[in-house]
Amino acid sequence: MKSKQRYTVFLDKDGVINMDSPDYIKSWEEVVFIDGSLEAIRLLTQHDFQVFLITNQSMVNRGMVPLSDLEYMFSMMKQEILAAGGRLTDIFYCPHTPEDGCRCRKPLPGLIRQAQQAYPIDMEMSFMVGDSARDIECGLNAGCGKTILVLTGNGPQARTALAEKQIVPDHIAENLLDAAIWMTGSRKPA
């Protein structure tokens, strides 16, 4: 039997690791990492976190991007993260539109459930980090031990939307690096 990892973090992609766009991030050339996000993933990796990317990518089923382009983008992101000293354990994504009615699209917990089926994960020792209300709701729906809202991307709007729903994340962070420092108990680098 596989033993459970001590800590796991589920990260949203657009607006958390890289800049978001209302027109979607459709190619590797459009990926711009948010300041500190690569350092954050390195810090999490150094503290033995399993780091998963879980992301809605409806642009695939909308016919805006072929699946091969999305997979290339993920491959290049993993390489950049690795070059910066971090590691993504795996990537789980939902290619469906909201109208498709799938079970993997956040805020439903399907992507996290896929990760649980493939890896040893102690949900009480897991974190969900996102910049949208649906990310935080996904973490709650999946039973993550803690949820963290980052104020990059759609974070400010999500903060308002969550307050209206009376949902309070366990932590609100300026960005992914701030969140990683909070999760690992580390100090900000000099």
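The values are calculated or read from the model by the stated rules, or taken from the named source; none is laboratory data. What you see is a predicted model, and the numbers here were worked out from it, not measured in a lab. Ideal geometry is used to build each Cβ from the backbone, glycine not excepted, and the neighbour counts take in all protein chains shown.
Selection of the stretch 90-106 for residues being of a type outside the set (Phe, Trp, Tyr) and either more than 22 Å from Met123 (Cβ to Cβ) or surrounded by fewer than 18 Cβ atoms within 10 Å (Cβ to Cβ) (or both) yields Asp90, Pro95, His96, Thr97, Pro98, Glu99, Asp100, Gly101, Cys102, Arg103. Among the residues of the stretch 107-137, those identified as hydrophobic (A, V, I, L, M, F, W, C), surrounded by fewer than 20 Cβ atoms within 10 Å (Cβ to Cβ) and under 20 Å from Tyr7 (Cα atoms) are Ala118, Met123, Met125. For the stretch 139-151, the set of residues classified as buried (at least 24 other Cβ atoms within 10 Å of the Cβ) and either modelled with pLDDT under 95 or not hydrophobic (A, V, I, L, M, F, W, C) (or both) consists of Gly139, Thr147, listed by residue number. You will find that of Arg62, Arg105, the residue that is in contact (Cβ under 8 Å) with a residue 40 or more places away in the chain and basic (Lys, Arg) is Arg105 and no other.
Among the residues in the stretch 43-56, are any without any contact (Cβ under 8 Å) to a residue 24 or more places away in the chain and buried (at least 19 other Cβ atoms within 10 Å of the Cβ)? Checked the stretch 43-56: no residue is without any contact (Cβ under 8 Å) to a residue 24 or more places away in the chain and buried (at least 19 other Cβ atoms within 10 Å of the Cβ).
Within the stretch 28-39, is even one residue modelled with pLDDT of 95 or more, among the hydrophobic types (A, V, I, L, M, F, W, C), touching a strand residue (DSSP E or B) at 6+ places or on another chain (Cβ under 8 Å) and closer than 17 Å to Val129 by Cβ? Yes, there is a match, as at least one residue in the stretch 28-39 is modelled with pLDDT of 95 or more, among the hydrophobic types (A, V, I, L, M, F, W, C), touching a strand residue (DSSP E or B) at 6+ places or on another chain (Cβ under 8 Å) and closer than 17 Å to Val129 by Cβ.
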